[in-house]
Amino acid sequence: MIVDSVVNHFQSQVKKDRTWRPTWANQSLPKLSDAMTQQLDAPFSWEEIRLTMFSTDGNKSPGLDWFGLSFYQR
């Protein structure tokens, strides 16, 4: 009896017609300019990689090779 009530309650929740759904249509989202797109598509420079490597805490979790970032910072 209690089990039936619980099952009926949740079945009625699932079966409800959801009329409101978020859509992306008619949204005025900001768009990237051509210059921004080119910057994002450009390869990383060695200087950017070096600055990122040495400005990051070396005690962060290891990568796929199980070496922490401090190993590469030496």
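Every number here is computed from the coordinates shown, using simple stated rules; none is lab data. From a predicted model like this one, the values you see are computed outputs, not experimental measurements. All Cβ positions, even for glycine, are placed from backbone atoms using ideal geometry, and neighbour counts span all protein chains on display.
For Gln13 and Lys31, the difference between the fully extended length at 0.36 nm per residue and the C-alpha to C-alpha distance is 2.7 nm. Exposed loop sites here are chymotrypsin sites (Phe, Trp or Tyr not before Pro) assigned a DSSP state other than H, G, I, E or B and surrounded by at most 12 other beta carbons within 10 Å; excluding them, the longest clear run of the chain is 45-65. Helix 46-55: angle to the longest alpha-carbon principal axis of the chain, degrees 0 to 90, nearest 10? Helix 46-55 sits roughly 70 degrees off the main axis of the chain. Annotation: extensible slack from Leu64 through Trp46 equals 4.4 nm (criterion: 0.36 nm per residue apart, minus Cα-Cα distance).
All C-alpha pair distances within the chain, sorted into 10 Å bins from zero, spread as 13, 17, 15, 15, 19, 17, 3 percent across the bins.
Can you tell me the dipole magnitude for the chain around its Cα centre, using point charges on the Cβ only (Lys, Arg +1; Asp, Glu -1), in Debye to the nearest 20? Before the final figure, lay out each step's value.
Numbers: 8 positive and 8 negative charges, 74 e Å.
The dipole of the chain has a size of about 360 debye.
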